[in-house]
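In what follows, a single structure is set out as structure tokens and then discussed.
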Amino acid sequence: QVQLVESGGGLVHAGGSLRLSCVASGVSVNVNHVRGWFRQAPGKEREFVSTMTGGGANTAYADSVKGRFTISRDNAKRTVYLQMNSLEPEDTAVYYCAAGTIFGIDSSLYKYWGQGTQVTVSS
């Protein structure tokens, strides 16, 4: 059974930083999988944040996080990270990691999802 487990969320003041991690278990998610991050704020739809191809050659970011967030991965650890700097109250959301086989920003491309981790940014 595939599992994606996020960690690293928490409460931080505006301007602060957090690093989210997402570990994959199970044989279905491998180093070739695209790994992405999405988020959902209260009362809003889930939105794309960032994604990366298996080898790391291609990445994409939402305009709202460009220059502040960085996605990376360690395939040996089957882990993808999201370094979040200069956090703003508008970044408050539940952050989900996802895995799929097609590179893109549409959530429907991702077959596997984690349970989410809460990020709260206070002003």
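Beta carbons closer than 9 Å, at least 6 apart along the sequence or on distinct chains, pair a first residue in the range 66-91 that is over 17 Å from Phe48 (Cβ atoms) and open to solvent by less than 30 Å² (accessible area, probe 1.4 Å) with a second that is hydrophobic (A, V, I, L, M, F, W, C) and not in a loop (DSSP other than H, G, I, E, B) for Thr79/Cys22; Thr79/Val23; Thr79/Ala24; Leu87/Val12; Leu87/Leu18; Leu87/Val119; Leu87/Val121. Considering the range 92-111, the residues that are buried (at least 18 other Cβ atoms within 10 Å of the Cβ) and not β-branched (Val, Ile, Thr) include one that is farthest from Gln40 (Cα to Cα), namely Gly100.
For first residues located in the range 47-60 and closer than 11 Å to Val80 by Cβ, partners that are open to solvent by 60 Å² or more (accessible area, probe 1.4 Å) and among the hydroxyl-bearing types (Ser, Thr, Tyr) and lie 6+ apart or on another chain with Cβ distances below 6 Å form the pairs Met52/Thr59.
The values are calculated or read from the model by the stated rules, or taken from the named source; none is laboratory data. A quick note: this is a predicted structure, and the numbers were derived from the prediction, not measured. So basically every Cβ, Gly included, is an ideal-geometry build from the backbone, and we count neighbours across all protein chains shown. Surface accessibility is based on the protein's heavy atoms, side chains included, excluding ligands, DNA and RNA. Shrake-Rupley method; radii C 1.70, N 1.55, O 1.52, S 1.80 Å.
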